[in-house]
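A.B. asks: So that we are looking at the same thing, I have put the structure below in structure tokens.
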Amino acid sequence: MEIKDSHVPKGFTAITSEQMYRIENNGETVCSMNKILMMENAGSRVADFLISEFGNDITTKSIVAICGKGNNGGDAMVAIRHLQGYMFSMIDIGPNSSLTVILLCNPTDLKTTEAKSNWDIIERMKSINTLVYNQDNINEIEKKIEESHIILDGILGTGIKGKMREPYSMVIECINKNKGKAFIVAIDFPSGTDPDTGLLAEKSVMADVTITFHRLKSGHSIGSKSPGRLIVDKIGIPYEAERGVIQE
């Protein structure tokens, strides 16, 4: 559902990041919906949006997913995998793939089993390029971002505390330099924007579209300009998971 004005339907009203965390945990512990299913559904919604937005032209686009340590990075990996499956059915991708995953941490530093599982899958997909950040490939990463037509922002999840560290600062600056040339999709929240207050860090991704999941987050409804178009997608989390967390 695309949110265009102040009218937000029941079931899509804003919640805090802490409430979303509790809902996801309830989904797993109370309803037996594993979080990897939530990640799978979230990433597939992002891929479906891009296919709907670009149609068959998606096969001509260079797409880069930029992933941090958290689950929105895992969502971006799932999205690229679904896009690969769609594009491979349309064209022969071959060794010179237009799909790239950039991981801004050592794979061992990924925070969740869900993100690690999806990285393991990506590494086995030879039709997807992978770059793991280190001091020696900064120029290669910058060039890959600059040459992209579509950028998936899966860098930061719940915001940052204090000064923006590298490589996040460098990468966010590179993404924003590409605005107007590339189509920038933020997953859940633009990196550098606080999901609860909407406040921007010193550097924040300026997205064309933000796709968030289950419900709006508080920062979306405060009026930050960073999200661009705002889309809320349900990802199969049972309503029962909200019990004790949200009262409407």
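The values are calculated or read from the model by the stated rules, or taken from the named source; none is laboratory data. Since the model is a prediction, treat every value here as computed from it, not as a measurement. Heads up, the Cβs are rebuilt from the backbone with ideal geometry, glycines too, and the neighbour counts pull from every protein chain shown.
A.B. asks: With the requirement that a residue be of a type in the set (Asp, Glu), touching a Lys or Arg at 6+ places or on another chain (Cβ under 9 Å) and over 14 Å from ASN72 (Cα atoms), what does region 180-217 give you?
C.D. replies: Scanning region 180-217 gives ASP196, GLU202, ASP208.
A.B. asks: Could you tell me which numbered condition ALA65 fails, if it satisfies all but one of (1) assigned to a helix (DSSP H, G or I); (2) at pLDDT 95 or above?
C.D. replies: (1)
A.B. asks: Inside region 93-152, can you point out the residues that are polar (S, T, N, Q) and touching a residue at least 60 places away in the same chain (Cβ under 8 Å)?
C.D. replies: Correct list: THR112, THR113, SER117, ASN118, SER148.
A.B. asks: Quick check on region 71-81. Is at least one of its residues more than 22 Å from VAL132 (Cα to Cα) and either in a helix (DSSP H, G or I) or among the polar types (S, T, N, Q) (or both)?
C.D. replies: No - not one qualifying residue is present in region 71-81.
A.B. asks: Condition test on ARG81, is it over 20 Å from LYS144 (Cα atoms) and among the charged types (D, E, K, R)?
C.D. replies: No.
A.B. asks: While we're here: Considering each residue of region 155-205, count those that are in contact with an Asp or Glu (Cβ under 6 Å, 6 or more places away or on another chain) and either at pLDDT below 85 or among the small types (Gly, Ala, Ser) (or both), and give that number.
C.D. replies: 4
A.B. asks: Residues that are closer than 26 Å to PHE54 by Cα, loosely packed, with under 15 Cβ neighbours inside 10 Å and acidic (Asp, Glu): does region 136-146 have at least one?
C.D. replies: yes
A.B. asks: Something else now. Would you call LEU152 buried (at least 21 other Cβ atoms within 10 Å of the Cβ), modelled with pLDDT under 95 and outside any helix (DSSP H, G or I)?
C.D. replies: No.
A.B. asks: What residue, among those in region 206-225 that are touching a strand residue (DSSP E or B) at 6+ places or on another chain (Cβ under 9 Å) and assigned to a loop (DSSP other than H, G, I, E, B), is modelled with the lowest pLDDT?
C.D. replies: Only one residue fits best here, namely SER224.
A.B. asks: Quick one: is MET125 over 17 Å from the mean Cα position of the chain (by Cα) and part of a loop (DSSP other than H, G, I, E, B)?
C.D. replies: For MET125, the condition - over 17 Å from the mean Cα position of the chain (by Cα) and part of a loop (DSSP other than H, G, I, E, B) - is met.
A.B. asks: I'd like the residue in region 1-21 that is buried (at least 17 other Cβ atoms within 10 Å of the Cβ) and part of a helix (DSSP H, G or I) and, out of all such residues, is farthest from the chain's Cα centre (by Cα).
C.D. replies: Among them, the one singled out is GLN19.
A.B. asks: Looking at the structure I just gave you, is LYS111 surrounded by fewer than 24 Cβ atoms within 10 Å (Cβ to Cβ), over 25 Å from GLU2 (Cα atoms) and in contact with a Lys or Arg (Cβ under 9 Å, 6 or more places away or on another chain)?
C.D. replies: In short, yes.
A.B. asks: In addition: Go over the candidates GLY192, GLY198, GLY157 one by one and state the one that is within 18 Å of GLY70 (Cα to Cα), touching a helix residue (DSSP H, G or I) at 6+ places or on another chain (Cβ under 8 Å), small (Gly, Ala, Ser) and surrounded by fewer than 21 Cβ atoms within 10 Å (Cβ to Cβ).
C.D. replies: GLY157
A.B. asks: Could you list, ordered by first residue, the pairs with Cβ atoms under 6 Å in which the first is in region 196-214 and more than 23 Å from ASN25 (Cβ to Cβ) and the second is small (Gly, Ala, Ser) and modelled with pLDDT of 95 or more, at least 6 apart or interchain?
C.D. replies: Every condition considered, the pairs that remain are VAL205/ALA186; ALA207/ALA186; THR210/ALA186.
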